[in-house]
Amino acid sequence: MSSAFLGIPTPPPRAPYATGHLRGDQSFPDAAHTALDNTQQRRNLGKATATIRGKRDRMADELPDWEELRSAGAALKADVLARLPELLERFEREVTERGGVVHWARDADEANEIVTRLVAEKGSDEVLKVKSMATQEIGLNEHLESAGIAPVETDLAELIVQLGADRPSHILVPAIHRNRAEIRDIFLREMPGVDPNLDDDPVRLAEEARKYLRSKFMSTRVAISGANFGVADTGTLSVVESEGNGRMCLTMPETLITVMGIEKLVPSFTDLEVFLQLLPRSSTGERMNPYTSMWTGVTEGDGPGEFHLVLLDNGRSATLADGVGREALQCIRCSACLNVCPVYERTGGKAYGSTYPGPIGAVLTPQLAGMHESRDDPNASLPYASSLCGACYDVCPVKIDIPSLLVELRHQHVEQSRYTAEAAMMRASSLAMSSAKRFTKAQRASRLGRVLGGADGRISALPPPLNAWTSARDLPAPPKRTFREWWDSEDGREAVRAARREAERGES
Amino acid sequence: MRVALFATCLGDTLFPDAVKATAVLLTRLGQEVVFPPGQTCCGQMHVNTGYQADALPLVRNYTADFADESIDAVVAPSGSCVGSIRHQHAIVAERYGDRSLRERVERAGAKTYELSEFLVDVLGVTDVGAYFPHRVTYHPTCHSLRMLRVGDKPLRLLKQVREIDLVELPGAEECCGFGGTFALKNSETSTAMLSDKMRAVTTTGAEFCSAGDSSCLMHIGGGLSRLRTGIGTVHLAEVLASTEQRVRPEEEVSA
């Protein structure tokens, strides 16, 4: 191998266009148009997000050092990103020394091939899946199926989504858009061996799923997981969960394959103390999640005898290369930002077209997969899917300034775009408002709009693009005088004089 | 103090009553209020829509007027414009400006205040002697709340207003759905957010919905008007400038 690289450095690649789930097939406003009409989903989401929001707030409020914890989480993740190559190599060494096999996957295609080959080598035509965002992101299930291998999702909500031939709509609660009546219907229709008298009592629904999954746990020899954390100095991996199904997958099969995004590292084992407080409180609104599994390589006579770790890039290096945008890689996938987002609450997660919906998805997806990869790339609409209300930043356990990242990505999008009508309007208004002389001329011109106001001074219809405003809102007609005209008028001077007299009276 | 009024482009052009009220209120509280005539717009719309290069001349124009040392403080009746000045001007100056612009941006930003901040933090008053005999609910607006962290300052000011019937707005901290060009680019989602905000406003039985930002009030008021709810909007400054002699002091009926 040559040690001298003399070519021109190229930016790291984005995630491949056609593989995985990092791009929808329509823009956000188009997808939202349909989603906003889904009455059942609006109701389910409104109820579920309000409940989780309340729980999270109580759990964060009860810790006196919550803000310090957030700062520690942010600092630790920033440190990981600053030293990522060094920490990854350390991590690889530790995992290997403890009997694990490390594979490096540049993108979704490579990761899918590695995992599928490993499963095929075991002669297995069925694999257990632990709930994992990374494997959703790369479309692993579809790839396994195309190779004749059946993936079995074992997280209850992921199972509901899989049986319903549906797409997840939330990072933590993938079936948040479903209610129990819909879940009962899916189980009756799709679950092998289901009790035909099943009702929609949550306890009975869970029991049916448990029966079905138990049989799978007993008979399947290979499992695939993601990872919440990888500890660089010990080679330890960790998955946190609520149901215990993940624990079954991590311990019972003969072979375990873990797909982990390269940003999931923490420097040392003690750093977990910070994240194991931040994550459950932010995500499920619990003090502690019921199951925290940790494993380091392989242990003879205990758990899987063979362990493979696939380290996934898939656009992460490209994201890291952006000095501002890289902050998105601090994300620990808690989904608190989804639950507080007024846009997410109304459109649901599928409108984002990506494994990562909501505010974090709007800044992560366009960076992992790009947003100028095709004409009218749907991902270019994601940074605009926010009113910049800032609720996401307030709850983020690792203090990702999502509103500022959205604004940055909008800037990058505009810089990449060809000249548009919008750009012309922005340029013209910038020119008009860069001097008071031109601005006052424009103000006088805008007063012509007074004729649109009619007798009651109310404008109810405007031409495009302002018809998007008047579709649901009136606009007051421009006033007779601008502020500065009043200020320079005798009325204005008299009003200020009168106020000054009042001030003097008050003082005396 | 010599206080410069920043009217904001929207306030100057479409909602002058809120700016007039600010001028009157600050003068009444003993401040020497000036209006630097070179001012135009803070550039928030450009930055938030992605046009940072087009925001540069506006940032420059803002600092040309307001960084001046003869001015002790700048006050604007808008949380979002002040948020943009304090948080975004530095981003634009860092990217496109030179050292002298960055320095002016810092100087101007450091003395720019949203109205309630200026009253409570700088002047140290909560009772401004106002009188407003109406039932009012207050929408705190996202950028005042989460960018500037004004907290309960507007409510502390409103609670001192005589004869006001101040009612709590359910889900007050939720965005009204305006978001600048978001209201156009994602008009339907924006409308869905607005309809929930309007429902909250109407359940209070208030005559007026108040806020510290004319842009959010333009959105909420635009919806309330379209549905003919009969509920009006009034800027915080107009409530605080009202007196027994004159409620909504400098109101000019637009039609």
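The values are calculated or read from the model by the stated rules, or taken from the named source; none is laboratory data. Predicted, not measured: the structure shown is a model, and the values here were computed from it. Cβ atoms come from the backbone with ideal geometry, glycine included; neighbour counts cover every protein chain shown.
Here is how the numbers come out for the structure above:
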{"item": "Evaluation of residue B:127 against (1) in a loop (DSSP other than H, G, I, E, B); (2) of a type outside the set (Ser, Thr, Tyr); (3) under 30 Å from residue A:395 (Cβ atoms) (one fails), failing number", "result": "(3)"}
{"item": "Answer residue from the stretch A:340-355, given it is among the small types (Gly, Ala, Ser) and part of a helix (DSSP H, G or I) and is farthest from the chain's Cα centre (by Cα) among those", "result": "A:351"}
{"item": "Every pair of residues 6+ apart whose Cβ atoms lie under 9 Å, when the first sits in the stretch A:280-293 and is touching a residue at least 24 places away in the same chain (Cβ under 8 Å) while the second is of a type in the set (Asp, Glu) and outside any strand (DSSP E or B)", "result": "A:280/A:286; A:281/A:62; A:285/A:57; A:287/A:62; A:290/A:243; A:291/A:243"}
{"item": "Test for residue B:198: is it buried (at least 19 other Cβ atoms within 10 Å of the Cβ) and either closer than 21 Å to residue B:82 by Cβ or at the interface with chain A (Cβ under 9 Å from one of its Cβ atoms) (or both)", "result": "no"}
{"item": "Wholly enclosed helices (runs of 4 or more DSSP H) of the stretch A:356-465 bearing at least 3 residues surrounded by fewer than 19 Cβ atoms within 10 Å (Cβ to Cβ)", "result": "A:402-416, A:421-433, A:436-446"}
{"item": "Where a residue in the stretch A:175-202 is at positive phi and its partner, wherever it lies, is surrounded by 14 or more Cβ atoms within 10 Å (Cβ to Cβ), with Cβ under 8 Å and at least six apart", "result": "A:193/A:212"}
{"item": "Among (1) part of a helix (DSSP H, G or I); (2) touching a strand residue (DSSP E or B) at 6+ places or on another chain (Cβ under 7 Å) - the single one residue B:36 does not satisfy", "result": "(1)"}
{"item": "Of the criteria (1) within 27 Å of the chain's Cα centre (by Cα); (2) at positive phi, which one residue A:123 fails", "result": "(1)"}
{"item": "Residue in the stretch B:179-188 that is crowded, with 16+ Cβ neighbours inside 10 Å, aromatic (Phe, Trp, Tyr) and assigned to a loop (DSSP other than H, G, I, E, B) present", "result": "no"}
{"item": "From B:113, B:51, residue being under 28 Å from residue A:430 (Cβ atoms) and either among the hydrophobic types (A, V, I, L, M, F, W, C) or at the interface with chain A (Cβ under 9 Å from one of its Cβ atoms) (or both)", "result": "B:51"}
{"item": "Unique match (being assigned to a helix (DSSP H, G or I), crowded, with 20+ Cβ neighbours inside 10 Å and not assigned by TED's automatic domain parsing to the domain that holds residue A:360) among A:186, A:171, A:176", "result": "A:186"}
{"item": "Residue check, residue B:24 closer than 30 Å to residue A:507 by Cα, under 19 Å from the mean Cα position of the chain (by Cα) and within 11 Å of chain A (Cβ to nearest Cβ)", "result": "yes"}
{"item": "Single unsatisfied condition, residue B:61 versus (1) of a type in the set (S, T, N, Q); (2) within 14 Å of chain A (Cβ to nearest Cβ); (3) under 22 Å from residue B:32 (Cα atoms)", "result": "(3)"}
